[in-house]
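To keep things clear, I will list the structure first and then write my remarks on it.
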Amino acid sequence: MYLGLLIHTVVDCFVRQNLHPRLQLLVSTFIAVYGKSFNHSARDAWELFQSTGVEALIAYDCSGAVLLMGTLLGGLITGTCAVILTRIKHSDRELMMGSTAILMGMVLVGLAMVVVESAVTSIYICYAEDPLLIHRWDPEFFNQMSETLHQRLQHRSARLREGSSQNRLPNHIQETITV
């Protein structure tokens, strides 16, 4: 009994640590909305996104990289301003003030970026559960999202067809096998 619980806990921790960061955020959102356990929410989220094709959009999502760049830029700007102001009064403390300001700037901008990341996640979930909700909210955005999803699904199916045609045996080998 305890061994089963231990194995379940280890597997649960392993799955949580190795889950794609975007999917982790989506699963956490499912937990918050529906109050289910992590495993049930992960399965439900994955099934929902695969059945609607939204996982193709999530796979090509680059909002996390853009938000990271914004966080780094915010820290860099804060640190540069601090170094310039410190150079005027205390030139011997530039490094300390600059590095502290970079860290503080990154933390503050990062806190703001979490809100944006949550909004992106919410849009994915809304689109997966009820696409018409986004259509009522903003028809132009809905059309852009639908078009992008359609392109991604076409690209993925073309890659799958290409891969399956490359894995086929040449005709003369297939004929000898069937004979």
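Give me the accessible area per residue for segment 52-104, probe 1.4 Å, as a whole number in Å². Don't jump to the answer; show the numbers that get you there.
On the way: 3480 Å² over 53 residues.
Ligands and nucleic acids excluded, the result is 66 Å² per residue.
The calculated FRET efficiency for the pair residue 72 and residue 122, based on their C-beta separation and a Förster distance of 25 Å, comes to about 0.55.
Between residue 80 and residue 108, the contour length at 0.36 nm per residue exceeds the Cα-Cα span by 8.5 nm.
The values are calculated or read from the model by the stated rules, or taken from the named source; none is laboratory data. Quick caveat: nothing in here was measured; it's all calculated off a predicted structure. Cβ sites come from the backbone with ideal geometry, for glycine too, and all protein chains shown count toward neighbours. Just so you know, the surface numbers come from the protein's heavy atoms only, side chains and all, with ligands and any DNA or RNA stripped out. Shrake-Rupley method; radii C 1.70, N 1.55, O 1.52, S 1.80 Å.
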